[in-house]
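Written out below as structure tokens is the structure these notes cover.
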Amino acid sequence: MHNVLPQWTPRVPKWKLRRLYESDAEGILDTELLADIGMTLLLRCEDILTVQQAQMGEVVCPVCRSQGVGSLLPRAEKLHCPLCGWSVSWRSYRQSYRRQQLNAGGAVETFRAYVKQFPKAKSDLEKMQAIDRLIHEFHYSLRQQPDQPTRSVGVNLIEGNLSSVMEFLEGLSYNAAWEAKVQVASLAGSVR
Ligand SMILES: [Zn+2]
């Protein structure tokens, strides 16, 4: 149990997302890929929130998932889980998430919303919507705050550097066939 570090979920590769959107646009949605990406993003968002909590002094034990392990202060030397005996230095723990694009920055609510919404999404359309909303959130915040584009939701979730992820998302948003479906669905809803 000693020196075990959390296994952070890697970001989603671009090719997977592209294939998902293409399959959707072609009307043969790859539901396996949808579930796969949706789950990866869920774990990734949870990791981001876990790191955010840790930075505020609330570390979750990576072994038994106990909350609030030890009394963590920025200078505390050792993290210790009284339940399962896990322990690691705060320094190693902190290094495990450095440069992993796991900082929530100003988008905590965005990640929280996805963690809440995705598991509740029943239909493929709802799942697709939740994913699309999440990864494009960064576009909107960029437009609203053009002065603060240094960090973005997309880079937290999709492999690549800021500019390559931005370019990728631009391409995807033109291809969002589900938007038409949502309109049809909401029109159908309003007719009822
Ligand atoms: Zn534990």
| query | Is there any pair linking a residue in segment 1-19 that is loosely packed, with under 14 Cβ neighbours inside 10 Å to one that is among the acidic types (Asp, Glu), with Cβ under 8 Å and at least six apart or on different chains, and which? | reply | 10/159
| message | Considering only segment 123-133, I want to know if a residue exists there that is surrounded by fewer than 18 Cβ atoms within 10 Å (Cβ to Cβ) and under 16 Å from residue 50 (Cβ atoms). | response | no
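Would you list the helices (runs of 4 or more DSSP H) that sit entirely within segment 1-116 and hold 1 or more residues that are over 26 Å from residue 130 (Cα atoms), more than 22 Å from the chain's Cα centre (by Cα) and at pLDDT below 90?
90-97
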| query | Do we have any residue at all in segment 136-147 that's aromatic (Phe, Trp, Tyr), assigned to a helix (DSSP H, G or I), within 16 Å of the ligand (Cβ to nearest atom) and at pLDDT below 90? | reply | no
| task | Name every residue in segment 117-135 that is assigned to a helix (DSSP H, G or I) and among the polar types (S, T, N, Q), in order of residue number. | result | 117, 129
| remark: Picking from 95, 55, 100, the residue that is out of contact with any Cys (no Cβ under 6 Å at 6 or more places or on another chain), under 20 Å from residue 2 (Cα atoms) and away from the ligand (no atom under 16 Å from the Cβ) would be 95
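The values are calculated or read from the model by the stated rules, or taken from the named source; none is laboratory data. All of these numbers come straight from a predicted model, not from anything done at the bench. A quick note on method: Cβ atoms are made from the backbone with ideal geometry, for glycine too, and the neighbour counts reach across all protein chains shown.
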